[in-house]
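These notes concern the structure reproduced below.
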Amino acid sequence: MGTGNSRRGLAALAVCALSLSPVAGAAAFAAPAAASAASAPQETTLRVKMSGSGVDTLNPFLAFFDGAYDIFAGIYPTLNSLDEYGKPGPYLAESWTQSEDKLTWTFTLRDGLKWSDGTPITADDAAWTLNLIMTDAVAGTANGSLVSNFESVSAPDPTTLVVTTKEPQANVTYVSIPRSGIPIVPKHIWESRAKDLKDVKNDTFPIVGHGPWTLTDYKPEQYAKFDANKDFILGKPGFDHMIQQSFKSVDAAVAALRSGQLDYINGVNATQFTALQADKSLLTVQEVGNGWTGLEINHNARTRTGKKIGTGHPALGDPVLRHAIALATDRKTLVDKVINGLGVVGSGYLPPAWPQWSWKPAAGEETPFDLAQANKVLDDAGYTKGADGVRVDPKSGKPLELRLGIHSDDAIDAGISNYLKGWLETVGIKLEIQTLSMSALNSDLAKGDWDLLMDGWTTGPDPTFLLGIQTCAALPKDDGTAGNTDSFFCDKAYDELFTKQLTTFDQDERAKLVGEMQSILYKADVNQMHFYANTLDVARTDTVTGLITGKPDAQGMYPAQSYSFWGYLKATPATAKTAATSAKEEGGGSLVWIGGAVLLLALVGGVIVLKRRSGADDRE
Amino acid sequence: MSSLTTTSPAKVKAQGVKRSDFLPYLGGKLAAALVSFLVTLVIGFVIFSLMPADPVRTLTRGRPTSEAQLVQIRVQLGLDDPIWERFLTFVGNTLKGELGYSWQFQQSVSSLVADRIGPTLLLMGTAAALSIALGLWLGIRSGWRHGSLFDRIASSTSLALWSVPTFWLGMILLVAFSVGVGPIPSLLPAGGMSDPSLPQEGWAHVVDVAKHLVLPCLTMVLVVFAQYVTVMRTSIIDEMGSPYLLTARAKGLTDDAVRRRHAVPNALLPSVTMIFMHLGILVSGAITVESVYSWPGLGYLTYEALRIPDLPLLQGTFIVFSASVIIMNLLADVVYRFLDPRVRAQ
C-alpha cells in the first residue's frame, strides 16, 4: 500500500523514454553524419537565408515573390546585367544600339554560350521568351507591364535581337536584368509547355538554364540547392554549391548564422543588427536603402473622372493641413528611435540606393520639424481647437480626428505611429491607430476608405513603375475597378514630366526630369517620406568572404547590393577552418550528446531499480 | 458458475437489442457529422469571401504590374464572378474532392496540403503522443497522491509551462540549444526539417529529421501536456471517494491494483474526450511553433494563405481541418459508446 508506484507507471516512463530515444539517438548520430559529409569531399557550399517572401512558384512567367526572382537571377540569363551602381551592363547581350528615331534597339548577343543541357543559347531564345510574354495573357501574368510598349521582337540571326517599341522608351536596357527584370528561358524546353503554361511547376531537376548556378533540388518552404556553373561567362562562382534555406523567422535565421548553420543573411532588423555588431565572428554591413518608409495621405480620393469616392477626411484636401502634419513629424527622431539610427532621413520619393535618381530639396526648402510652426499654420488657416484640444475643420465642421492605418505585422509601423500620435496631438490632430493586415489595408486603400496610411516601397534601378503609381492614370475607374494609385495623387505637370522622362535617353537629362517630379511630390505633402532604412546584412567571417561588392562611403555604407546575383557569384570561402578545429567543435557536440544519452539511460535504469526495490514488499 | 457460463434467452435478447441499437446510433451520428460538415462549408466560404481584402494588389506588390495585368489577374482568379457563382463552383469542387487552385502558389490546393501534411503529422503526432503519455502519467500519480510533494511539483510545473507563450518558449529553447548558452554548446539545428547539405533519403535522412524534430516537438510537449495532467488529476481525485474503490480495497487489492484496475479506467473518460479533440486539430499544425522552427507544416501554410488572402487555399485548408475535427468527434462518440455503459443505456 505504501508504494504508490506501479510497473505500469514505470512502463509509461519507459515508453516516454523510448519515444524520445530515437530522437536522442538521432541527435547523437547526426553530428558525426554531418561531420563526415563536411570532411570527406573538399567541395565548398555557400549557405544563405532564402528571401523572407519565400518562393511562390518556379515558373518564371507566373512568379511574383522576391524569393523566386532570387532563384531566377541565379539560373536564368538576362539580356543585361547591372553594375554595382545599378547601371545596365552586358550579360547575354555584349552590346546594343538604338536607331535614330529611338524606336528600334539592336542587341548583339554573345556567341558560343550554351544552356546547361548543352544546347546553344541564341537570340531566338530571347525573342521567343519576350514574344510569348507580349502575346500570351498567362505568360504576361507577372512581367507583362515590362514589355507593354514593345511593338515587336525578332531574331534575324543567332546573335542579333531586334526590339521595336511603340513609343521611344528610355529604359529598354532595364527590361531584362537579373532579379527585377525578365529572365530568358530556353525555347527548346518551354515551347512545348507554352500551351498549358498555367500548370507548369518547372520542378524537373536540374532545371535547364544558364546562369552562375544550376538549380538541382528544391523543396517548398525548405530549401533550394544549386551547383556552380564553372563556365559562367561573367565569372566562375567562388563556391562549388549554394543552398538557400527557408527561415520563417529572422530570429531563427540569426540563431542559425551564429551556430554555423548559415553563412549569410540579407535583411536583418535594426535590433538584431545592433546586437550582432558586437560579435567578432560576424561581418555586419549596412547597404544604402533601396526603399522608403513613409506616410500616405488620402487627399480627397477620386476616380479618373473626378468622382469622389471613399470616406477620407475632407480636410486632408487642404495643403495647409498636410503641411502641418509634415511640420509635426520629426524624421530624425524616427530614424534614431525606430530603426536605431540605421537609415537616412527621408525627403525625395526615390531611395538613395540609386544615386542617379536621388533628389533632395534645396537648402531652405526642407520641411523642418517645428511644432510651433505647425500650430501657427493651422491657427492661421482657421483650424480652431475645441474644448478637448482637437482642432475643427472650418469648412466641414468636422474635428480633426484621423484614422492611421498601420500594418499588423510591421514593428516599424507600430513604432512610428506612437510617435506620430504624440506629435500630432500636440498640434490638435487626434489619431486613431488602426492595425490591419496588408491585404485589408490594400482593400481600404483602393476604395479610399482611409485618412492616413503607413506605407513603404522598394524599387530596382529603374524608377518607372514607382513614379507611375503617382500619375493620374493610376486612379481607379468610376466603377471602382482598375487603378493602382497609392494616395490618389493626380497632377498634370507631374504626368507631363513622367511621359517626358520615359522618352528621354540622356540619363542626366532624365535624372533632372525625375528630380522635378520628386519636387512636385515633396511640395504636395501627399507622400511624406520618413526615412530610407539601410539594408542590413550579416555574414560569418570564418566561412565566407567577398559577398559584399563596392566600397563604403564616408559613413561606412555600401552601395545597394545585387546579392542574389553578384554577391553569391563573387563570394568565396574564407580561409578554411583547420580539420582539427572542425573535429574539435563537432566532437564537442557529440560528446555532449553521448553524455546526455548515458545520463538518460542511467536515470531511467536507476529509477527502475529503485522502484523495483521499493515495490518488492508489495509483490511479495 | 453455471449462471456465468450459461446464457439465458433473456440476455441474448438484450444483447441483440444493443447491437441493433448501435446502427441507428451510428447512423444518427454520421448524419449529424455530415450536416456539420456542410454547415462548415457554407460558413467557411462566407467568412473568407467577406474578408475585407484586395488579394490581387497584395499578390502583385512585389512586381511592377500595369492596370491591364491587374484586370487580367482578377479575371484569371475569378474575382469578378458573382459570389453565388463562386459559391456553387466551390461546393461543386468540394463534393468532387477538388480543393481548388492556390492563387499564390499557382498549383492545386490538394497538392500543397499533401506536401505539408506529412511534416505536420510528424511534428504534431509525435508531440501529441508524448504529451498524452506524459500528461496522463503525471496526472494519475498527482491525483492519487494529491497534496504530496510530487503532486505539487508536477502540477505547478505543468501549469507554469502551460502559461508560457509558445513563441517565447520556442525562442528560449532555440537560443539555448541551437546557438548555445554559456557552457552549453550548439546542440541542435535552428530550423527547418532537414539539413539540405545531407542526403535527403535513407537512414541518415531519418536521423537528420529526428534531430530537427527535437526542439519543435519539445516546445509543443512542454506547452500542451499540462492540460492532460490537470484533467486526469481532477478525474482521479473525483473517483477517489467512490464506494467501489473502498470495496476493491476491502477485497484485499493493493493500492497499485486499485488505482490501475478500478480508478484509472473510470477516470479516463474526460481524457478520452480531450485526446480525440486533440487528434482532431493535429492536422491544423501549430503556426507559432512552425514559424519559430521553420517547420514546413499546414499551420504556416494557412497563415501564408491568410496574408494574401489566398481564398482557395484558405477554404481548402479550412475544409481539411474541419473534416478532421468532425471525424475525430464522430470517432469519440463511437468509442465512448464502448467505453461508457451509460452512453449505451441512453
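The values are calculated or read from the model by the stated rules, or taken from the named source; none is laboratory data. Please read all numbers here as calculations on a predicted model, not as lab measurements. Positions of Cβ are generated from backbone atoms using ideal geometry, with glycine treated the same way; all protein chains shown enter the neighbour counts.
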Self-check item: Top-ranked residue of segment A:198-238 - restricted to ones that are in contact with an Asp or Glu (Cβ under 8 Å, 6 or more places away or on another chain), in contact (Cβ under 8 Å) with a residue 24 or more places away in the chain and under 20 Å from residue A:78 (Cβ atoms), ranked as nearest to the other protein chains (Cβ to nearest Cβ)
Solution: A:224
Quiz prompt | Any hit, segment B:129-142, residues being surrounded by fewer than 16 Cβ atoms within 10 Å (Cβ to Cβ), within 11 Å of chain A (Cβ to nearest Cβ) and assigned to a helix (DSSP H, G or I) | solution = yes
Quiz item: Just one of B:321, B:276, B:338 is surrounded by fewer than 17 Cβ atoms within 10 Å (Cβ to Cβ), in a helix (DSSP H, G or I) and of a type outside the set (Lys, Arg); which is it?
Solution: B:338
Practice problem: Check segment B:76-91 and report whether any residue there is within 11 Å of chain A (Cβ to nearest Cβ) and outside any loop (DSSP other than H, G, I, E, B). | Solution: yes
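Determine if segment B:152-164 includes at least one residue that is within 11 Å of another protein chain (Cβ to nearest Cβ) and either without any contact (Cβ under 8 Å) to a residue 40 or more places away in the chain or surrounded by 15 or more Cβ atoms within 10 Å (Cβ to Cβ) (or both). Let's see the steps before the verdict.
Taking segment B:152-164 first, the residues within 11 Å of another protein chain (Cβ to nearest Cβ) are none.
No, because not a single residue in segment B:152-164 is within 11 Å of another protein chain (Cβ to nearest Cβ) and either without any contact (Cβ under 8 Å) to a residue 40 or more places away in the chain or surrounded by 15 or more Cβ atoms within 10 Å (Cβ to Cβ) (or both).
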Practice problem: Just need a number here: residues in segment B:279-294 that are touching a Leu at 6+ places or on another chain (Cβ under 8 Å), modelled with pLDDT of 90 or more and not in a helix (DSSP H, G or I). | Solution: 1
Self-check item: Inter-residue pairs, beta-carbon under 8 Å, first more than 12 Å from residue A:140 (Cα to Cα) and more than 8 Å from every other protein chain (Cβ to nearest Cβ) and in segment A:51-68, second crowded, with 21+ Cβ neighbours inside 10 Å and modelled with pLDDT under 90, 6+ apart
Solution: A:51/A:564
Quiz item: Do we find a residue being in contact (Cβ under 8 Å) with a residue 12 or more places away in the chain and more than 10 Å from chain A (Cβ to nearest Cβ) anywhere in segment B:57-71?
Solution: no
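Which of the strands (runs of 3 or more DSSP E) found entirely inside segment A:169-284 contain at least 1 residues meeting this: within 19 Å of the chain's Cα centre (by Cα)?
On the way: elements: A:213-219, A:223-228, A:241-245, A:264-266.
So the answer is A:223-228, A:241-245, A:264-266.
Among the residues of segment B:239-264, what is the count of those that are in a helix (DSSP H, G or I), among the small types (Gly, Ala, Ser) and loosely packed, with under 14 Cβ neighbours inside 10 Å? Give the steps one after another, and end with the answer.
To start, the set of residues in segment B:239-264 that are in a helix (DSSP H, G or I) comprises B:239-240, B:243-250, B:255-264.
This time we only want the ones that are among the small types (Gly, Ala, Ser), so: B:248, B:250, B:257, B:263.
Those left that are additionally loosely packed, with under 14 Cβ neighbours inside 10 Å: B:250.
Total meeting the criteria: 1.
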Practice problem: Search segment B:32-75 for residues being part of a helix (DSSP H, G or I) and of a type in the set (Lys, Arg), and hand back the single one that is modelled with the lowest pLDDT. | Solution: B:61
Quiz item: Scanning for something within 12 Å of chain B (Cβ to nearest Cβ), among the small types (Gly, Ala, Ser), more than 21 Å from residue B:178 (Cβ to Cβ) and surrounded by fewer than 22 Cβ atoms within 10 Å (Cβ to Cβ), does segment A:279-299 turn up at least one residue?
Solution: yes
Quiz item: Which members of segment A:79-130 meet the condition of being exposed (fewer than 15 other Cβ atoms within 10 Å of the Cβ) and either out of contact with any strand residue (DSSP E or B) (no Cβ under 7 Å at 6 or more places or on another chain) or closer than 11 Å to residue A:162 by Cβ (or both)?
Solution: A:85, A:97, A:99, A:100, A:101, A:111, A:112, A:117, A:118
